[in-house]
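> Questions regarding the structure given below will be posed in turn.
The values are calculated or read from the model by the stated rules, or taken from the named source; none is laboratory data. Since this is a predicted model, take the numbers as computed values, not measurements. Positions of Cβ are backbone-derived with ideal geometry, glycine not excepted, and every protein chain shown enters the neighbour counts. Please note that ligands, DNA and RNA were not included when accessible areas were found on the heavy atoms of the full protein model with its side chains. Shrake-Rupley method; radii C 1.70, N 1.55, O 1.52, S 1.80 Å.
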Amino acid sequence: MKKFQFRLEPVLKLRKYKERTAQMELAKALAALQEAQTFLEQSRLQEISAQRNWDAGLEKGMWENEFRMHADHIRGLKAQTMRAVENEARLKGVVEKRRQELVQASASRKSMELLREERFTQYKLETGRMEQKETDEMASLHRSTQERL
């Protein structure tokens, strides 16, 4: 009997490769999103801290230059926070896109593996039938030689 060979094995290997690549891309996107979320949290904390310092300075009194410096600093931190929020939203979109790509790659690979399993099952059935046929032939020959003797 010939050994089972799946003719579409190269396609299956390619689909597995694409799935692994999609997994790595998703992992990179998730890492970037986590980094962006950490930066956003730090930016918000800096903004809150600067606002508290400014409020404390207003209570005890400050010069005009100091007032402007605090106001500019808070404005800059608010702009930084807004950019961080926008970046986080963009990265969430990228993560979702990568997740969808992974789902598609996994489905593609699984369908090819199901086809391989189906073909292997057919191969086993065909091989079993052929072996049964050979066994029947041998038994028939044995019976006929026994009858002649």
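> Please work out if Glu117 is closer than 28 Å to Glu9 by Cβ and at pLDDT 95 or above. Full working, then the answer.
Working: closer than 28 Å to Glu9 by Cβ: yes; at pLDDT 95 or above: yes.
Yes, satisfied.
> Same structure again: Kindly indicate whether any position in the range 101-111 is out of contact with any His (no Cβ under 8 Å at 6 or more places or on another chain), more than 30 Å from Ala32 (Cα to Cα) and either modelled with pLDDT of 95 or more or of a type outside the set (Val, Ile, Thr) (or both).
Here is the first cut: in the range 101-111, the residues out of contact with any His (no Cβ under 8 Å at 6 or more places or on another chain) are 101-111.
Then drop every residue that is not more than 30 Å from Ala32 (Cα to Cα), which leaves 111.
Filter once more, so that each one left must be either modelled with pLDDT of 95 or more or of a type outside the set (Val, Ile, Thr) (or both): 111.
There is at least one residue in the range 101-111 that is out of contact with any His (no Cβ under 8 Å at 6 or more places or on another chain), more than 30 Å from Ala32 (Cα to Cα) and either modelled with pLDDT of 95 or more or of a type outside the set (Val, Ile, Thr) (or both).
> A further question follows. Among Gln51, Gln5, which is under 30 Å from Gln122 (Cα atoms), modelled with pLDDT under 95 and either of a type in the set (D, E, K, R) or open to solvent by 50 Å² or more (accessible area, probe 1.4 Å) (or both)?
Details: Gln51 fails: under 30 Å from Gln122 (Cα atoms).
Going through Gln51, Gln5 in turn, just one is under 30 Å from Gln122 (Cα atoms), modelled with pLDDT under 95 and either of a type in the set (D, E, K, R) or open to solvent by 50 Å² or more (accessible area, probe 1.4 Å) (or both): Gln5.
> Would you be able to say whether some residue in the range 123-143 is under 30 Å from Met24 (Cβ atoms) and either touching a His at 6+ places or on another chain (Cβ under 9 Å) or of a type outside the set (A, V, I, L, M, F, W, C) (or both)?
No, because not a single residue in the range 123-143 is under 30 Å from Met24 (Cβ atoms) and either touching a His at 6+ places or on another chain (Cβ under 9 Å) or of a type outside the set (A, V, I, L, M, F, W, C) (or both).
> Gly128 - would you say it is within 30 Å of Lys2 (Cα to Cα), free of Cβ contacts under 8 Å to residues at least 12 places away in the same chain, open to solvent by less than 60 Å² (accessible area, probe 1.4 Å) and out of contact with any Ser or Thr (no Cβ under 8 Å at 6 or more places or on another chain)?
On the way: within 30 Å of Lys2 (Cα to Cα): yes; free of Cβ contacts under 8 Å to residues at least 12 places away in the same chain: yes; open to solvent by less than 60 Å² (accessible area, probe 1.4 Å): yes; out of contact with any Ser or Thr (no Cβ under 8 Å at 6 or more places or on another chain): yes.
Against the criterion (within 30 Å of Lys2 (Cα to Cα), free of Cβ contacts under 8 Å to residues at least 12 places away in the same chain, open to solvent by less than 60 Å² (accessible area, probe 1.4 Å) and out of contact with any Ser or Thr (no Cβ under 8 Å at 6 or more places or on another chain)), Gly128 qualifies.
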